[in-house]
1. Find how many whole Å separate the alpha carbon centroid of segment 179-249 from the alpha carbon centroid of segment 62-76.
2. How big, on average over all directions, is the shadow cast by the Cα convex hull of segment 121-179, in nm²?
3. Measure off 7 Å from each Cα along the Cα-to-Cβ vector at residue 183 and residue 141, then give the distance between these two points in nanometres to one decimal.
4. At 10 °C and 1.306 mPa s, what whole-number value in µm²/s does Stokes-Einstein give for the translational diffusion of segment 165-274, with Rh from the Kirkwood sum over Cα pairs?
5. Can you pull the one-decimal nm distance between simple spin-label points at residue 46 and residue 247, each 7 Å off the Cα toward Cβ?
6. Once the piece of chain linking residue 25 and residue 238 is laid out straight, how much longer is it, given 0.36 nm per residue of separation minus the C-alpha distance between them?
7. What order, most packed first, do the peptides 81-93, 257-269 have when packing is the mean number of other Cβ atoms within 10 Å of each residue?
8. Sorted by packing (mean other beta-carbon atoms within 10 Å per residue), highest first, where do 68-74, 149-155 land?
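A short reminder: the numbers here are calculations on the coordinates, not readings from a lab. Here the structure is a predicted model, which is why all the values come from computation and not from measurement. No Cβ is skipped: glycine too gets one built from the backbone with ideal geometry, and neighbour counts run over all protein chains shown.
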C-alpha cells in the first residue's frame, strides 16, 4: 500500500475570544508547569526544524509538527496513553494553554501521535526534541561544561507475554504466512497443500497446548511445527516482497536455530543453558531480551541508560539498551558523544 504524502503543517495564528490565553490568564498560576512550558519550551520547537520529514510540495497539509512535538513531551510528563492525550487536548484547560489551543479546538486524533513518532524514527530524528532542549539548557548555563554527571541504568519491562518454544515457532510461521496471503496468495495456496494451515489462523496461533501435555506429545508437536516451518522456508526461498518480508523470514530462521536441533535423527528442544544469551523472545516485540538487574531480579525487555547532571539534575542523555546488555557497556560511547555533540 502506498503511503499517503503529507506536506508540513503550520500552527494556526490565534486571535479570537476563544483563545485559551484569554481564559487561562487567571486560571493557570504564574508558577504553573504548564505556563512555564508555554513560555520556555514551545519557542524552542519550530515547524521548519521538521521540514525534511515531510513532502515539500505534495499531499495534504499535516498537523503542525512543532505542536505534535510539544504534545509528545506533555504526554510523557503526564504518563498518558495516546487516547488519553487526545482527550486531554480536548478537555484539559492546562494542556490547551500549554499548547496554545483554542478552547473548542480538537487538534488531532490519537493515531496522529503514533504517526508522528513513526515519522521521527523513519528519519532518524527520535532525539531531535531532546537535543534542542538540552542545547538550550547548556546555552543558559543551567548545565555547565565539565560539570560532574552520574550515570545509571534502569530496566524497562516489555509489554509482552513470553511464549513457549512451540508457540514462538507458530508465531514465526504465522508472521510469514500472513504477508504471503496478502501479497502472494499463489504461494500461500501451495503451502496450504502441504501443511495444516488452519492452525496458523490469528485466533489459534497464540493458544498454548491445552492441559499439561506429556513429553512425547510435546515432542511430536515440536516436530510437526519445525516440519511446517521448513516447508514455508522452502517455498519463500526466492520470493521478493521487500525488507519487511525478509525480516519475517529471517526471524523464523532465527527462532529455529536458537531453539531446536536435530540429534541422532530426532528433533529436540535446546535446554535453557544451551540457548544463546541473546535469544529472540517474542515475534510481537523482536527486540526484547531476557535481562537481569541482580541474581534474583529477572525481567524481559530493555534497559535505559540515563545520564544526569549532579547540580540541577537535568537528564543529559538517554540511550536504549538490550535487556541482556551489561549496564556499563555504553558508558564510554556516551561520554564521547556528549563531548562531541554538546561539549560537556
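1. One Cα centre to the other: 41 Å.
2. Seen from a random direction, the Cα hull of segment 121-179 projects 7.7 nm² on average.
3. Distance between the two pseudo-spin positions: 5.6 nm.
4. Translational D for this selection: 109 µm²/s.
5. Reported label-point gap for residue 46 and residue 247 is 3.4 nm.
6. 70.2 nm
7. My ranking of the peptides, most packed first, is 81-93, 257-269.
8. In decreasing order of mean packing, 68-74, 149-155 become 68-74, 149-155.
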